[in-house]
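Here the structure comes first, spelled out in structure tokens, and everything after it is commentary.
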Amino acid sequence: MKQLIRTRVKEFTLEDALTLEEAAVLHEQGKLEEHIIPPDAFYPDAPKAGVHREDQIRLTNGNPFRKRQIILQEKGQGWPEYLRFYDENGGFVGLYKWDKRGLYRPEKMFI
């Protein structure tokens, strides 16, 4: 095998992708942002969560959290394995995973 082309990742397909040349043209036109998929879109099954104001710095530092420190933004789903964490301004911070020690720990950070 000389070459391998990934044609799909979850719901994202090669047809949805842009070449660097296409991206450059869109950037020059001021339209590139319209085609950028935010990183939290890759985790649609993980409910949104946040933390109290006093824990914001811990969130941006990638600290783990206990359930009592977390504000679930999507009620009625219980405590899933993964949560998408957002800061107090609504910015996506990262994907956290529940561990056996009773904490949500960062799996992937996007700061």
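Bear in mind that the values in this text are calculations on the coordinates, not laboratory data. Since the model is a prediction, treat every value here as computed from it, not as a measurement. Because the Cβ atoms are built from the backbone with ideal geometry, glycine has one as well, and the counts that use them run over all protein chains shown.
So what's the net charge close to residue 37: Lys and Arg +1, Asp and Glu -1, counting the other residues with Cβ under 12 Å from its Cβ? So the surrounding residues net to -4.
Go through 23-33, 62-72 and give me the packing order, highest mean Cβ count within 10 Å leading.
Answer by packing, highest mean first, reads 62-72, 23-33.
All alpha carbon pair distances within the chain were sorted into 10 Å bins beginning at 0; the resulting P(r) in whole percents reads 12, 36, 25, 20, 7, 0. Over the chain, with a Gaussian network built from C-alpha contacts below 10 Å, which listed residue (75, 48, 100) shows the highest mean-square fluctuation? Residue with maximal mean-square fluctuation among 75, 48, 100: 100. Calculated [222 nm] ellipticity per residue, helices only, for the chain: -3000 deg cm²/dmol; basis is -39500 (n - 2.57) per DSSP H run with n ≥ 4, divided by all residues, nearest 500.
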